[in-house]
Amino acid sequence: MARFGRRDTAPELALRRELHRRGRRFFVDRQVSKRCRVRPDLVFPRARIAVFVDGCFWHYCEEHAHLPKANAELWRRKLLANRQRDAQNEAILVSEGWRVLRFWEHGDPAAAATRVEREIDRWDSIARSAGRRAHHGRMDPVIEVVAGVLTRADGRVLACRRAPGRSAAGQWEFPGGKVERDELPEAALARELHEELAIDVVVGERIDRSTTTVGGTEIDLASYRIHWLSDQQVASSDHDELRWLSPTELADVRWAEPDLPTVRLLQAERPTG
Ligand SMILES: [Zn+2]
């Protein structure tokens, strides 16, 4: 009987070969989250796509997973637990901004490859159009943005100053960015913090959501608490200065207007610890 989680199964190799033939490059069998040890079979790190090819028996495919006659109930529980663990791992990856694609080993590798390519192309076009918008400074009527409040053990929160040459340069903000079309805000925030600060985070509860008009454009900003390994060093690609501010120091910098409602809520909180 096949081992669970073995590498290089035939269906997985078939998908790898097919994607390779189509000129796609990826990592194989690589851990992508610090919070779970799951190793997606294929990993596209730039597009943040994780692909699993699930074996019909061990992942309990309804069509093909025939339970061994001996200890059938025990097997059923064990295989259901595998499915449950798949779902838990998937939820963790999604919360960290990954797009997870699962295929059954009984499926057609060419169809699976096409599905993967569609996801990569979708990501490419989002990345390209985001670049174009940034380049031409085109105004959308409403821009949906997400921001993360990172707090250190000493209660200080991370504030970032927008670099020269960007809109609202010199103003301070919480790190984050735009929500792409079809993207959940939490996933967008995890993605942005990964891209901007090179940290992998878990997006916690929402602090505020407010709309602010800036120069004729409505900015719809939702802010969230961020759970992360707070002893990590952070550096930002989009900002020229980062500061850890205590609640009383929040008033010392000039915040970008859309961030002000969140700042006021944080100032109103009683300091903890
Ligand atoms: Zn199957």
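Data for the structure
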read-out: Count of residues meeting criterion [acidic (Asp, Glu) and more than 16 Å from the ligand (Cβ to nearest atom)] in the range 46-91; value: 2
read-out: Condition broken by Ser236, with the remaining ones in (1) in contact with a helix residue (DSSP H, G or I) (Cβ under 6 Å, 6 or more places away or on another chain); (2) surrounded by fewer than 17 Cβ atoms within 10 Å (Cβ to Cβ); (3) in contact (Cβ under 8 Å) with a residue 24 or more places away in the chain satisfied; value: (2)
read-out: Residue match in the range 23-37 (condition: more than 16 Å from the ligand (Cβ to nearest atom) and over 30 Å from Ile199 (Cβ atoms)); value: yes
read-out: Residue within the range 163-171 that is surrounded by fewer than 17 Cβ atoms within 10 Å (Cβ to Cβ), in a loop (DSSP other than H, G, I, E, B) and without any contact (Cβ under 8 Å) to a residue 12 or more places away in the chain present; value: yes
read-out: Qualifying residue in the range 113-124 (condition: in the same structural domain as Arg264 (by TED's automatic domain parsing) and under 15 Å from the mean Cα position of the chain (by Cα)); value: no
read-out: Candidates Val149, Val179, Val214, Val202, filtered to the one that is among the β-branched types (Val, Ile, Thr) and either modelled with pLDDT of 95 or more or not assigned by TED's automatic domain parsing to the domain that holds Glu257 (or both); value: Val149
read-out: Hits in the range 144-159 - residues which are more than 13 Å from Ile226 (Cβ to Cβ) and in contact with a strand residue (DSSP E or B) (Cβ under 6 Å, 6 or more places away or on another chain); value: Glu144, Val145, Arg156, Ala159
read-out: Boolean, Arg16 is free of Cβ contacts under 8 Å to residues at least 40 places away in the same chain and either of a type in the set (A, V, I, L, M, F, W, C) or more than 16 Å from the ligand (Cβ to nearest atom) (or both); value: yes
read-out: Selection from the range 231-269 of residues that are assigned to a loop (DSSP other than H, G, I, E, B) and farther than 28 Å from Thr217 by Cα; value: Asp231, Gln232, Gln233, Val234, Ala235, Ser246, Glu269
read-out: Residue list for the range 94-119, filter: out of contact with any Pro (no Cβ under 8 Å at 6 or more places or on another chain), away from the ligand (no atom under 16 Å from the Cβ) and closer than 26 Å to Arg22 by Cα; value: Gly97, Trp98, Arg99, Leu101, Ala110, Ala113, Thr114, Arg115, Val116, Glu117, Arg118, Glu119
read-out: Selection within the range 61-82 - of a type in the set (A, V, I, L, M, F, W, C) and in a helix (DSSP H, G or I); value: Ala72, Leu74, Trp75, Leu79, Leu80, Ala81
read-out: Pairs where the first residue, in the range 86-106, is in contact (Cβ under 8 Å) with a residue 24 or more places away in the chain and the second is within 14 Å of the ligand (Cβ to nearest atom) and basic (Lys, Arg), C-beta under 9 Å, 6+ apart; value: Asp86/Arg102
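The values are calculated or read from the model by the stated rules, or taken from the named source; none is laboratory data. Please read these numbers as outputs of a predicted model, since none were measured by experiment. Please note: Cβ atoms are built from the backbone with ideal geometry, for glycine as well, and neighbour counts cover all protein chains shown.
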